[in-house]
Protein chains: 2
Amino acid sequence: MSRIVMKFGGTSVADLDRIRNVAARVKREVEAGNEVAVVVSAMAGVTNQLVAWCQGLSPLHDAREYDAVVATGEQVTTGLLSIALQETGVEARSWQGWQIPIRTDNAHGKARIAGIEGAELIRRMQAGQVAVVSGFQGIGPDGRVTTLGRGGSDTSAVALAAALHADRCDIYTDVDGVYTTDPRIVPQARKLTQVTFEEMLELAGVGAKVLQVRSVGLAMRENLPLRVLSAFEDKPGTDIVAELSGDQMERNLIAGIAADRNEARITLTGVPDKPGTVAQVISPIAEAGIQVDMIVHAATPDTGVSDLTFTVPRASLAQSMAVIEQRKGEIGYEGLVHDDSVAKVSIVGVGIRSNPQLAAQMFEVLAERQINLLAVSTSEIKVSALIAEQELDLAVRVLHTAFGLDAAKESEGAAA
Amino acid sequence: MSRIVMKFGGTSVADLDRIRNVAARVKREVEAGNEVAVVVSAMAGVTNQLVAWCQGLSPLHDAREYDAVVATGEQVTTGLLSIALQETGVEARSWQGWQIPIRTDNAHGKARIAGIEGAELIRRMQAGQVAVVSGFQGIGPDGRVTTLGRGGSDTSAVALAAALHADRCDIYTDVDGVYTTDPRIVPQARKLTQVTFEEMLELAGVGAKVLQVRSVGLAMRENLPLRVLSAFEDKPGTDIVAELSGDQMERNLIAGIAADRNEARITLTGVPDKPGTVAQVISPIAEAGIQVDMIVHAATPDTGVSDLTFTVPRASLAQSMAVIEQRKGEIGYEGLVHDDSVAKVSIVGVGIRSNPQLAAQMFEVLAERQINLLAVSTSEIKVSALIAEQELDLAVRVLHTAFGLDAAKESEGAAA
């Protein structure tokens, strides 16, 4: 017997038939002897309608009233799913953020969970009652409803699972797991059986949009296993775990290839080569709320000047350029160039930590295909290369093949 | 300066434009120096959608989950109206039943208000903040959301006004006041300037569907003046008061004529004329939850038998007949006849109390038109006659004229 939290997003509860489908899945877990809490989002489309109403009345609407309005979407789903469960003979009741309570800070519209009182829910789950909980919402210090921001239901589910001392948190979604790369780029992409929290954070952070990054970080801190699986099909998903299990140690050293087109490059040439130059350039950009990613600082020997290249999100390019131009006198650079047709390809895997040759292998594979590296950055479990955007798909494909990630073809799979 | 509660029903908040219209009306009261609380219903159509979803999942859905679902309709309106008010520069915040709290009993789907804590709202209203309160809902003893049943928002408004020690409760609706009779029957029907609680109860109880009867009874007990007025047009409404004011004492003795088609008549003939017979017939019908209205028990002298006639709501006729037929041996009647083409016409007015000739006048007017009286009942401020349904419209018209209720014609009004 396990205690599990199941989370269903908006498309999984979009209409009464899909709510019945969710009830059937919950019933199966209950009949397997598990204690179950379910976290649900608003029915697809409902939140957008509620947001549109708020916008229609005032573009600068009060975030507290916005929260009171949009939190109703989840409340409706909890009541309907409870009714659907009761109809199939499963005892259930709905819980809103203020009833549990799920306490948050006062940052309406983007609140953070401060604490969840799990005792009463645990008591009822032990007595066989399914707790159907509104995701995405809580109650602030002043007794008003708060919301966690779009996509916050994943975080609600993980935080609730931690508070309930659950054995696992299952995230049901419209994809059926975490893949080695974007299947739209590489049709041979394979679903991973297991992936570590760290790998998932790197894969999510650079483009795999399966789970909210915040919820993965929380699960890692709480050491709470996650499972991503399809809400619509009965097939195995992907387990997200602290350490790969014994039978997974033979998995590829590389978990996946991440592709990110949301990159723009800025280069300052002829920058005085003295201590503090990098900070002088980067700090004002960071202070403007712009996330600087890769940074390359290359001094030309014996000239006293250097080139500084860095990347920012493409949408922040114009603002970043303005910040730099404002400080031209202060920084003292000669040239300023930018390029918004760059992209980032990364190999991600816990194997990188103990296998430094993996980075070299990546560069060799790209070099063989004449793909030029504009910048490189490495971390414990990730190596990223900045390349021309038109070479991104090719880079992902050749790396996917080179690191042994391609799925066996149908015929080979049948023969194996 | 007054403290007032304003109540707006579903059609008055049906879309963003109408919500803006409500905000403008509230702003006007605030600018007139009043402390204001607003009670709102769900946007028209929203509650029906929510109910349909519950029904779609289970015809016998749990009333507690039904309440959790349908209560969201009002929550949305409170948030949106608060945003609309803030947009016009009026300070406002939304309040749900559980936040105030509005405590109710545990009768989910048809709960009764047990108490409202008004202190915090009064404090904020005194500081200039408008309280925008969800009608129709509260919180039960177990911390779950309850609803008061359809139409309960009127009751919410009156109960809140009492708890806030308001000077007045204004009910904005899609009719513009209380009329002397149904204008569809008598085009000359006039809007009343004032009507007493008792008159309103009798008018509402017999067909005038302006206000929920329960809310009028509550206002009478709390001695809280009500005002019914149009949400869409700027014109005077009808004040509902404990006693007519001095300038209204010249009003007609009769406030209005009520028409009720929802009547069916049952007659038992040859019933033994002994004490307890009436109770023997009526009690089992009342026990079946059916409201018995008029009762006529006429003994034929020196025969030892009598005829017993009574009326029930038309929808309960078949069930009432079955109850009587089951008890034929016990009661010992000879014949049993029924008639569902009867109707009830009533004159209502505080003047009836001190003017017994008004009843006689009513009977004469009906007799002049050859309208046969099948039964008669009288109360302190009402005289009702049961007549054939096809004579109802004629009866209402002639009584309306005879008691001086017809509005002056346009031309006469202009000349006056």
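The values are calculated or read from the model by the stated rules, or taken from the named source; none is laboratory data. What you see is a predicted model; the values in this text were computed from it and never measured. All Cβ positions, glycine included, derive from the backbone under ideal geometry; neighbour counts span all protein chains shown.
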*Can you name the strands (runs of 3 or more DSSP E) wholly within the stretch B:38-118 that have at least 2 residues being within 12 Å of another protein chain (Cβ to nearest Cβ) and crowded, with 24+ Cβ neighbours inside 10 Å?*
B:92-95
_Residue selected from the stretch A:11-33 under the condition of a type outside the set (D, E, K, R) and surrounded by fewer than 23 Cβ atoms within 10 Å (Cβ to Cβ), by the criterion nearest to the chain's Cα centre (by Cα)_ = A:T11
*Which one is surrounded by the most Cβ atoms within 10 Å (Cβ to Cβ) among residues in the stretch A:204-219 that are touching a strand residue (DSSP E or B) at 6+ places or on another chain (Cβ under 9 Å) and modelled with pLDDT of 85 or more?*
A:A219
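Yes or no, residue by residue, for (1) modelled with pLDDT under 95; (2) of a type in the set (S, T, Y):
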{"site": "B:A42", "(1), (2)": "no, no"}
{"site": "B:C54", "(1), (2)": "no, no"}
{"site": "B:P59", "(1), (2)": "yes, no"}
{"site": "B:R64", "(1), (2)": "no, no"}
{"site": "B:T77", "(1), (2)": "no, yes"}
{"site": "B:L80", "(1), (2)": "no, no"}
{"site": "B:A84", "(1), (2)": "no, no"}
{"site": "B:I100", "(1), (2)": "no, no"}
{"site": "B:R103", "(1), (2)": "no, no"}
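To keep it simple, each residue is scored yes or no on (1) surrounded by 14 or more Cβ atoms within 10 Å (Cβ to Cβ); (2) of a type outside the set (A, V, I, L, M, F, W, C); (3) under 28 Å from B:V383 (Cα atoms); (4) modelled with pLDDT of 95 or more.
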residue: B:D302; (1), (2), (3), (4): no, yes, no, no
residue: B:L308; (1), (2), (3), (4): yes, no, yes, no
residue: B:S316; (1), (2), (3), (4): yes, yes, yes, no
residue: B:G329; (1), (2), (3), (4): no, yes, no, no
residue: B:G332; (1), (2), (3), (4): yes, yes, no, no
residue: B:V342; (1), (2), (3), (4): yes, no, yes, yes
residue: B:V350; (1), (2), (3), (4): yes, no, yes, no
*Which residue out of B:T267, B:T311, B:T303 is in a loop (DSSP other than H, G, I, E, B) and in the same structural domain as B:I381 (by TED's automatic domain parsing)?*
B:T303
*Here is a list of conditions, (1) touching a residue at least 24 places away in the same chain (Cβ under 8 Å); (2) under 17 Å from A:V383 (Cα atoms), and A:A204 meets all of them except one; can you say which number that is?*
(1)
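Kindly provide the set of residues from the stretch B:336-382 that are among the polar types (S, T, N, Q), part of a loop (DSSP other than H, G, I, E, B) and free of Cβ contacts under 8 Å to residues at least 24 places away in the same chain, ordered by number.
Those that are among the polar types (S, T, N, Q), part of a loop (DSSP other than H, G, I, E, B) and free of Cβ contacts under 8 Å to residues at least 24 places away in the same chain: B:Q370, B:N372.
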_Some residue of the stretch A:207-216 being farther than 18 Å from A:D154 by Cα and in a loop (DSSP other than H, G, I, E, B)_ = no
*Has the stretch B:319-333 got any residue that is part of a strand (DSSP E or B) and in contact with a Gly (Cβ under 9 Å, 6 or more places away or on another chain)?*
no
_Quick check on this structure: which one of B:A402, B:A385 is touching a residue at least 40 places away in the same chain (Cβ under 8 Å) and within 19 Å of B:I295 (Cα to Cα)?_
B:A385
_Meets criteria (of a type in the set (S, T, N, Q) and in a helix (DSSP H, G or I)) for B:S12_ = yes
*Please list, ordered by first then second residue, the pairs with beta carbon atoms under 6 Å, 6 or more apart or interchain, first in the stretch A:230-248 and more than 13 Å from A:L192 (Cα to Cα), second surrounded by fewer than 15 Cβ atoms within 10 Å (Cβ to Cβ).*
A:A242/A:N223
*Kindly provide the set of residues from the stretch A:230-249 that are surrounded by fewer than 21 Cβ atoms within 10 Å (Cβ to Cβ) and touching a Gly at 6+ places or on another chain (Cβ under 9 Å), ordered by number.*
A:S230, A:K235, A:P236
*Restricting the search to the stretch A:125-145, which residues are surrounded by 18 or more Cβ atoms within 10 Å (Cβ to Cβ) and of a type in the set (D, E, K, R)?*
A:R144
